[in-house]
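Below is one structure, written out as structure tokens; comments come after it.
Values in this text are rule-based calculations from the coordinates and carry no lab data. If you're wondering where the values come from, they're calculated on a predicted model, not measured in any experiment. Cβ atoms come from the backbone with ideal geometry, glycine included; neighbour counts cover every protein chain shown.
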Amino acid sequence: MQHLLPLAAVLPLVAGALVPAVAWRRPDRAWGWAVAAGSGTLVVTALLTLRLLRTGPFSYPLGGWAPPWGIELRFDALSALSLGIAMIYLAVLVFSRRYAQSAVAPQRRAWFYSLLLVNLGGLVGFACTADLFNMFVCMELVSVSSYALVAAGGGRIAALAAFKYLVAGAVSSMLVLFSVGILHALTGSLNMADVAVRLADVEARGPVLLAVGALTVGFMVKAALFPLHLWLPDAHASAPGPVSAVLSALVVKLGVIGLVRVLPLFTGLEWLSLAPLQEALAWLGAIAIVTGALAALLQEDIKLMLAYSTVSNVGYIVLGIGLATPPAVTGGLVHVLNHGLIKATLFLAAGAIIYRTGYRTLRDLRGVGRMMPWTSVALSLGVLSIVGLPPTAGFLGKWYIALGAFEAGRPGFAIALLAGALLIFVYYLRILNALYFRAPLREEMLAVREAPVSMLLPVLALALLCLLGGLFGSGPVALAARAAAALAGGG
Amino acid sequence: MTGSWQNLDYFAFVALFCIGLYVVLAKSNLVKKLLGLNIMETSVFAFIVTSGMVDGGTAPIVGPGVTGPFASPLPHALILTGIVVAVSITALALALIVEIKRQCGTIEADELKGLD
């Protein structure tokens, strides 16, 4: 029971490393193994979350070395996101079976699942770590596996997009590592709680400012916050369907979680006010909401549309964090989870449609709603949810962020939020229109069959969660409010 | 403290970091971009390794008759991990460059732009 916390990250990592061995003679075993590891991770994170609810945050010293000397894993309210991560990941892994059979070359398939599991392990580890360098290592596990996953399907655009993503990602990683080095040089510690305490006595202003700046910019690139989002659309649109879902739903959240983890380190410094930084974040978030939505409006390709919508939604989350009032930060963190659920639903549904039809532009996909009714229902649910219509998951986060904007005395930001929602509504009307109300342009559409069960099941389950996430949202909101307390106090 | 001359090496690392960033952003050849990335990585690694240095410190090996001060061994351990990450990123990037060359016939970023 006590060793459950490291297990949450170690289980998928070890399982991922073993995939090529398991699938050595029997390639079809890779999928079953990956799903088993994914389910195991889900069970472990669920148990950890239960324990969190019962006893409050708890930590685990890796290797028995007590913090601040050893590496500390800590499961707090923010780490509870790992339950959502594991849930979304399990759906993606189940979905991957048929998709990988068509999109990934046979000799690469074992590696494909291996990379997915390593990615999952890195994400869970990132959410649960209390050590700066360990955070960097988990971030790199996630990033490097993501670069490779983008290119997993092959194709010229995918390789180029993966390279672009790699360069942007590696530069941002180095910025983060550089700041970790500065913080270690200043305080002599890597444990986050310890660094926060020791940083309060640091006199040298230059290095501290450099560290804050480099950390913020580094995590902004990871989160694809405007204007550092240029790597995102190609990478997310040209990756295989399940990978797009993971990247958009979970991997970009790394930057957000990172920001929420490191900004409180600097709240103890008397001479340093984070207010200008938060103001800048709020503005960038507001601009990202509108520009992301506008760019999505101009796309014909359904996956590019969804990718730009991610840019817009990261804007919402960062706006919430930048406003720094308790409801706004709560809303931002709730949206981290809910946007994950919604975007995974959307990308998986789009992936199922592309798998069956082979087309990806709205023109070509006209009329598919009648041929693939269940997938289209799931897609529509996701669409309604991301617009933020009241009973769905997307509504919660936006509502709290808007409340926070009013509480901060900045109703202008609430207007930006509303404008973004309206724009999103327009481009999702386009999707619904193409799915249901236009006559098919292509004859093949009439012969298209519903997606296979192994794809339909995870998509429908996620779509249901989008709906339930709004109806029974009090649990995540309570947890997010607890996690928000650390950040909102400093504003 | 004898002024900022003591920290001259830190300024050198920041300068090296900026040179690497410039190469990444300005060069059109993908291999050169990767080299720039490696320069950045090296500057960060060198910075962290030197931050473990203690004036007059010796290697942190405890034995009979050995007294401090010792240099901090932790940054070296960190950077070993960092180097592993950097090597894997470089390997992956080179593999991607080979793939791009095979599929598009060029590895110049400005020529690739037209192909999209």
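What order do you get for A:Trp283, A:Trp24, A:Trp33 when you list them from fewest to most C-beta neighbours inside 10 Å? Spell out each step's value before the answer.
Numbers: A:Trp283 16, A:Trp24 11, A:Trp33 20.
So the ranking, lowest neighbour count to highest, is A:Trp24, A:Trp283, A:Trp33.
So which lysines can A:Lys253 reach, going by Cα to Cα under 16 Å and dropping same-chain residues fewer than 8 places off?
List returned: A:Lys222, A:Lys343.
With n ≥ 4 as the cut-off for DSSP H runs, can you work out [θ] at 222 nm for chain A, using -39500 (n - 2.57) per run divided by the number of residues, rounded to the nearest 500? Mind showing how you got there, number by number?
On the way: 20 runs with 357 residues, N = 491.
Rounded to the nearest 500, the figure is -24500 deg cm²/dmol.
Using packing as a proxy for protection, rank B:38-44, A:164-170, A:473-479 so that the peptide with the highest average count of other Cβ atoms within 10 Å comes first. Don't skip to the end; give the middle numbers.
Numbers: B:38-44: 21.6, A:164-170: 24.3, A:473-479: 17.6.
Most protected by this proxy first, the peptides run A:164-170, B:38-44, A:473-479.
Lys and Arg at +1, Asp and Glu at -1: add these up for the other residues within a Cβ distance under 11 Å of A:Pro68 and post the number. Intermediate results must be reported in sequence, preceding the final value.
Numbers: positive: A:Arg198; negative: A:Glu72, A:Asp131, A:Asp194.
Neighbour charge sum, excluding A:Pro68 itself: -2.
Scan around A:Asp131 for amide H atoms under 5 Å from its own, H built in the peptide plane at 1.01 Å from N, and keep only partners 5 or more places away or cross-chain.
A:Glu72, A:Met192
When the helix-only estimate is applied to chain B (DSSP H runs of n ≥ 4, each -39,500 (n - 2.57), divided by the residue count), what is the mean residue ellipticity at 222 nm, nearest 500 deg cm²/dmol?
Working: 4 runs with 79 residues, N = 116.
The helix-only estimate for chain B comes to -23500 deg cm²/dmol at 222 nm.
With the contact rule set at Cα under 8 Å and sequence spacing of 6 or more, what percent relative contact order holds for segment B:3-115?
Working: 105 pairs, mean separation 27.0, N = 113.
Relative contact order here is 24 percent.
Just the Cα atoms of segment A:262-308, one point each, no solvent: what log10 I(q)/I(0) does Debye give at q = 0.18, 0.19, 0.24 Å⁻¹?
So the normalised log intensities work out to -0.64, -0.67, -0.81.
Report the full-extension gain for the segment B:Ala15 to B:Glu111: residue separation times 0.36 nm, less the Cα-Cα distance, to one decimal in nm. Working shown, then result.
Details: separation 96, 0.36 × 96 = 34.56 nm, distance 3.01 nm.
Between B:Ala15 and B:Glu111, full extension yields 31.6 nm more.
Considering every residue in B:79-88, what mean count of other chain Cβ atoms within 10 Å of its Cβ is obtained?
Shielding by partners across B:79-88 averages 4.
Compute the separation of the alpha-carbon centres of segment A:391-415 and segment A:228-254 and state it in Å as a whole number.
26 Å
Can you give the net charge of the other residues whose Cβ lies under 15 Å from the Cβ of A:Gly404, counting K and R as +1 and D and E as -1? Spell out each step's value before the answer.
On the way: positive: A:Lys398, A:Arg410; negative: A:Glu279, A:Glu407.
Combined, the nearby Lys, Arg, Asp and Glu give 0.
So how tilted is helix B:8-26 from the main axis of chain B? Cα-based, degrees 0 to 90, rounded to 10.
So the helix axis and the longest Cα principal axis differ by about 10 degrees.
Just order A:181-194, A:260-273, A:50-63, A:432-445 by mean Cβ neighbour count inside 10 Å, highest at the front, would you? If you can, show how the numbers build up before the last one.
Working: A:181-194: 21.7, A:260-273: 17.5, A:50-63: 13.3, A:432-445: 15.2.
Result, highest mean Cβ count within 10 Å first: A:181-194, A:260-273, A:432-445, A:50-63.
How much of the DSSP beta bridge set in the protein assembly as shown is antiparallel, as a percent to the nearest 5?
Restricted to the protein assembly as shown, the bridges split so that about 90 percent are antiparallel.
Quick one: plug the Kirkwood hydrodynamic radius of segment B:3-115 (C-alpha pairs) into Stokes-Einstein at 10 °C, 1.306 mPa s, and report D in µm²/s. All intermediate terms of the calculation are to be shown ahead of the outcome.
Details: Rh = 16.7 Å.
The Stokes-Einstein estimate is 95 µm²/s.
Per residue of A:154-163, how many C-beta atoms from partner chains lie within 10 Å of its own C-beta, taken as a mean?
Working: counts 2, 2, 9, 4, 3, 10, 11, 2, 6, 13.
For this peptide, the per-residue mean of nearby foreign Cβ atoms is 6.
I need the per residue convex hull volume for segment B:3-56, using only the alpha carbons, in cubic angstrom as a whole number. Provide the component values of the computation, followed by the final result.
Numbers: hull volume 3.2 nm³, N = 54.
Measuring per residue, one finds 59 Å³ for the Cα hull of segment B:3-56.
When you look at the Cβ of every residue in B:36-44, what mean number of other chain Cβ atoms sits within 10 Å? Mind showing how you got there, number by number?
Numbers: counts 2, 6, 1, 0, 7, 5, 1, 2, 9.
Averaged over the peptide's residues, the number is 4.
Considering only C-alpha atoms, what is the centroid distance from segment A:277-305 to segment A:110-127, in Å?
Between the Cα centre of segment A:277-305 and that of segment A:110-127, the gap is 28 Å.
Largest first and in whole Å, what are the equivalent-ellipsoid semi-axes of segment A:288-491 based on the Cα gyration tensor, each being the root of 5 times an eigenvalue? Each step should come with its number before you reach the end.
Numbers: eigenvalues 219, 62, 26 Å².
So the three semi-axes of segment A:288-491 are 33, 18, 11 Å.
Restricting things to alpha carbons, tell me how big segment A:328-421 is in terms of Rg and Dmax, in Å.
Rg then Dmax for segment A:328-421, in Å: 16.0, 50.
Separation of segment A:149-213 and segment A:452-491 by C-alpha centroid, Å?
A separation of 28 Å, based on Cα centres.
Please list the radius of gyration and Dmax for the protein assembly as shown, considering alpha-carbon atoms only, with Å as the unit.
For the protein assembly as shown, the Cα-based Rg and Dmax read 23.7, 88 Å.
What net charge is computed for the residues neighbouring A:Ala23, neighbours being all others with C-beta under 10 Å from the C-beta of A:Ala23, Lys and Arg scored +1, Asp and Glu -1?
Its environment carries a net charge of +3.
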